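In what follows, a structure is listed as structure tokens, so that the remarks can point back to it.
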Amino acid sequence: MEKRIKADRKSPGVIVEASKRSMFQILLQLISEKVITDEDLNGFSEELRAGINDVI
């Protein structure tokens, strides 16, 4: 159990496998569930961030 706890502490956070087609929907879901914030989208394209902001 201790090994699992140590491994979880080193975890980078949320990891999701997604295709381009499903990325927008997954990001919307993560934002609505407050897993990520719009600030977490800074590395994404302006077009994608604008589309997300239009929906939320």
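Those helices (runs of 4 or more DSSP H) of the chain in which at least 1 residues are modelled with pLDDT of 90 or more and acidic (Asp, Glu), considering only elements entirely within it, cover 46-55. Restricting the first member to region 26-52 and to residues that are within 20 Å of residue 15 (Cβ to Cβ), and the second to residues that are at pLDDT below 90 and part of a helix (DSSP H, G or I), the beta-carbon pairs closer than 8 Å and six or more apart or on different chains are 31/38; 36/30; 48/23; 52/38.
When region 41-56 is limited to residues that are among the small types (Gly, Ala, Ser) and open to solvent by 60 Å² or more (accessible area, probe 1.4 Å), the one that is nearest to the chain's Cα centre (by Cα) turns out to be 43. Selection within region 17-40: residues that are among the polar types (S, T, N, Q) and open to solvent by 60 Å² or more (accessible area, probe 1.4 Å). The member of this set that is farthest from residue 51 (Cα to Cα) is 19.
The values are calculated or read from the model by the stated rules, or taken from the named source; none is laboratory data. Quick caveat: nothing in here was measured; it's all calculated off a predicted structure. Quick reminder, even Gly has a Cβ in these numbers, built from the backbone with ideal geometry, and neighbours come from all protein chains shown. Areas reflect the complete protein model, heavy atoms only, side chains present, ligands, DNA and RNA absent. Shrake-Rupley method; radii C 1.70, N 1.55, O 1.52, S 1.80 Å.
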